[in-house]
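Q: First, the structure itself, so that you have it in front of you.
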Amino acid sequence: MDKKLVVGIIIVVCILVLAIAIAVPVVRKTRGQGAQASLQQAKKWMSQTPLIDGHNDLPWRLKQHEDNKLKSLDLNQRPSWEITHTDIPRLRQGRVGAQFWAAYTDCFTQYKDSLRHVLDQIDVIKRICQMYPETFEIVTSTNGIEEAFQNGKIGSLIGVEGGHNIDSHLGVLRMLYDLGVRYMTVTHSCNTPWADNWHVDEPGGTPEFDGLTDFGVRVVKEMNRLGMLVDLSHVSKGLMEDVLAIPNVAPVIFSHTSAFALCNHYRNVQDDVLLKVKKNKGVVMVNFYTKYINCPPANITADVNYANLTQVADHIEHIRDVCGIDCVGIGGDYDGVETVPEGLEDVSKYPDLIAHLIDRGWGNTDIKKLIGDNLLRVFRDVEQVRDKMKNTLPDETTISRQLQQESSNVCRSKVFLG
């Protein structure tokens, strides 16, 4: 081979190697700068519009681990529990603007002492806000959310998780509203005497009421009269459809529910229901639980205990694509689940999710709708329905004593002689 040719080849190779050595760090730096820019943009927009998360179960963790004794821990520090997603530093890092705290009681309390337990959970939520007034403020309205945010506080709202907590009594529902409750999940993972839960949709499941009974419809209408958001997470598909078919029903929420089309778990919402939610002008707030994110047909592994941030973004975009940008929100379900996605390990990670959506092309208006504006719009609509019904008297209907659950309930005492 010609000596000059060999030298020329060596020179060309050296130049290529040098060019690659210079280019790779530049590309890495550019990509890193892009990610950092998206994160900074996310934080900026989150400083302008409150991120309102639809569901956090910290109060339940407090009941499990501390018997609701707040003096036994400091929420300015990370709790020592095995599973812990929430504390004040991580909430601040996550730019959380407002939070619906779940007043949850287990289904085994139904027909027993559910009311005592739910009052205990409402009490602990209020005591958290009293103990850390520089961070939390109890709010009960859209104006309250916005004012707390402007004052640098996390607006704290109460959502009762499970219709069994009203003990089939509309008077109890009204008193919960007076205590500050602003949404109720119509069922948890058990039927009430007037509503079916999501388990009836599973293979082999049998609906007890095919959705809502007549009394269940009255519960929803009374919630509308009060101005309490109707939460359709945990309920059966038939119940979702029954609620959405009530004439002039106020916009609904799904406080922590993901997309069935991507993960066919029956806790998720199906596309035909999403279309009805779009007509209702409600909002579906995406849940982060791995079992509701990473299952067929769009699962990336067979391990339901694993999911990642990208998949959560896929669920958000699917709901947006089917139901519309005005229909989607965030309800992480932190501290209510055992496994959360990689990249969304706790409440500090919301900015990373928003930055990822910015990288996908989401703009200012759509991001702000997702993080808070959609929920605020729905809540305002519910408040307006309440105001229009201000001359409507409370519903005095009582559930039939002839129901099996009532007639066989040894915990009942009767006063009315009729």
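The values are calculated or read from the model by the stated rules, or taken from the named source; none is laboratory data. Since we're looking at a predicted model, the values are computed, not measured. All Cβ positions, glycine included, derive from the backbone under ideal geometry; neighbour counts span all protein chains shown. Remember, those area values only see protein heavy atoms, side chains included, never the ligands or the DNA or RNA. Shrake-Rupley method; radii C 1.70, N 1.55, O 1.52, S 1.80 Å.
Q: Has region 54-69 got at least one residue that is under 21 Å from the mean Cα position of the chain (by Cα) and aromatic (Phe, Trp, Tyr)?
A: yes
Q: Another question about this same structure. With the requirement that a residue be among the aliphatic types (A, V, I, L, M) and within 16 Å of residue 256 (Cα to Cα), what does region 310-323 give you?
A: Those that are among the aliphatic types (A, V, I, L, M) and within 16 Å of residue 256 (Cα to Cα): 312, 313, 316, 319.
Q: Sticking with this structure for a sec: Specify the residue that is nearest to residue 138 (Cα to Cα); the eligible residues are those in region 77-94 that are open to solvent by 70 Å² or more (accessible area, probe 1.4 Å) and not polar (S, T, N, Q).
A: Filtering first and then ranking leaves 92.
Q: Sticking with this structure for a sec: So which residues in region 124-146 are in a helix (DSSP H, G or I) and under 27 Å from residue 378 (Cβ atoms), if there are any at all?
A: 124, 125, 126, 128, 129, 142, 143, 144, 145, 146
Q: Could I ask something else about it? So for region 164-184 (the condition being touching a Lys or Arg at 6+ places or on another chain (Cβ under 9 Å) and among the aromatic types (Phe, Trp, Tyr)), does at least one residue qualify?
A: Scanning region 164-184, I find no residue that is touching a Lys or Arg at 6+ places or on another chain (Cβ under 9 Å) and among the aromatic types (Phe, Trp, Tyr), so the answer is no.
Q: Moving to a separate point now. Any idea which residue in region 310-347 is surrounded by the fewest Cβ atoms within 10 Å (Cβ to Cβ), counting only those that are more than 16 Å from residue 54 (Cα to Cα), in contact with a strand residue (DSSP E or B) (Cβ under 9 Å, 6 or more places away or on another chain) and of a type in the set (D, E, K, R)?
A: So, considering only residues that are more than 16 Å from residue 54 (Cα to Cα), in contact with a strand residue (DSSP E or B) (Cβ under 9 Å, 6 or more places away or on another chain) and of a type in the set (D, E, K, R), the one surrounded by the fewest Cβ atoms within 10 Å (Cβ to Cβ) is 342.
Q: Here's something else I'd like to know. If you take the residues of region 120-156 that are in contact with a strand residue (DSSP E or B) (Cβ under 9 Å, 6 or more places away or on another chain) and free of Cβ contacts under 8 Å to residues at least 40 places away in the same chain, which of them is surrounded by the fewest Cβ atoms within 10 Å (Cβ to Cβ)?
A: Of everything passing the filter in region 120-156, 151 is surrounded by the fewest Cβ atoms within 10 Å (Cβ to Cβ).
Q: Could you check residue 97 against (1) farther than 26 Å from residue 212 by Cβ; (2) open to solvent by 10 Å² or more (accessible area, probe 1.4 Å); (3) touching a residue at least 24 places away in the same chain (Cβ under 8 Å); (4) not in a loop (DSSP other than H, G, I, E, B) and say which number it fails?
A: Unmet for residue 97, out of (1) farther than 26 Å from residue 212 by Cβ; (2) open to solvent by 10 Å² or more (accessible area, probe 1.4 Å); (3) touching a residue at least 24 places away in the same chain (Cβ under 8 Å); (4) not in a loop (DSSP other than H, G, I, E, B): (2).
Q: Still on this structure: Please work out which residue is surrounded by the fewest Cβ atoms within 10 Å (Cβ to Cβ), limiting yourself to region 38-76 and to residues that are of a type in the set (Lys, Arg) and out of contact with any helix residue (DSSP H, G or I) (no Cβ under 9 Å at 6 or more places or on another chain).
A: 44
Q: Another question, if that's okay. Whether any residue in region 348-369 is closer than 17 Å to residue 262 by Cβ, free of Cβ contacts under 8 Å to residues at least 24 places away in the same chain and open to solvent by 20 Å² or more (accessible area, probe 1.4 Å) is what I want to check.
A: Within region 348-369, none of the residues are closer than 17 Å to residue 262 by Cβ, free of Cβ contacts under 8 Å to residues at least 24 places away in the same chain and open to solvent by 20 Å² or more (accessible area, probe 1.4 Å).
Q: A follow-up question, please. Kindly check whether there is at least one residue in region 392-403 that is in contact with an Asp or Glu (Cβ under 6 Å, 6 or more places away or on another chain) and at negative phi.
A: Within region 392-403 (the criterion being in contact with an Asp or Glu (Cβ under 6 Å, 6 or more places away or on another chain) and at negative phi), the answer is yes, since at least one residue qualifies.
Q: Which condition from (1) in contact with a helix residue (DSSP H, G or I) (Cβ under 9 Å, 6 or more places away or on another chain); (2) within 23 Å of residue 409 (Cα to Cα); (3) surrounded by fewer than 20 Cβ atoms within 10 Å (Cβ to Cβ) is the one that residue 171 breaks?
A: Residue 171 satisfies all of (1) in contact with a helix residue (DSSP H, G or I) (Cβ under 9 Å, 6 or more places away or on another chain); (2) within 23 Å of residue 409 (Cα to Cα); (3) surrounded by fewer than 20 Cβ atoms within 10 Å (Cβ to Cβ) except (1).
Q: Kindly indicate whether any position in region 220-233 is open to solvent by 50 Å² or more (accessible area, probe 1.4 Å) and without any contact (Cβ under 8 Å) to a residue 24 or more places away in the chain.
A: Scanning region 220-233, I find no residue that is open to solvent by 50 Å² or more (accessible area, probe 1.4 Å) and without any contact (Cβ under 8 Å) to a residue 24 or more places away in the chain, so the answer is no.
Q: Quick check on this structure: which one of 406, 383, 396 is within 26 Å of residue 167 (Cβ to Cβ), over 19 Å from the mean Cα position of the chain (by Cα), open to solvent by less than 30 Å² (accessible area, probe 1.4 Å) and touching a residue at least 12 places away in the same chain (Cβ under 8 Å)?
A: After applying the criteria, what remains is 406.
Q: Oh, and also: Residue 270 fails exactly one of the following numbered conditions: (1) buried (at least 19 other Cβ atoms within 10 Å of the Cβ); (2) more than 18 Å from residue 57 (Cα to Cα). What is the number of that condition?
A: Answer for residue 270: the failing condition is (1).
Q: Pick from region 292-333 the residues that are polar (S, T, N, Q) and part of a helix (DSSP H, G or I): which of them is nearest to residue 264 (Cα to Cα)?
A: The selected residue is 311.
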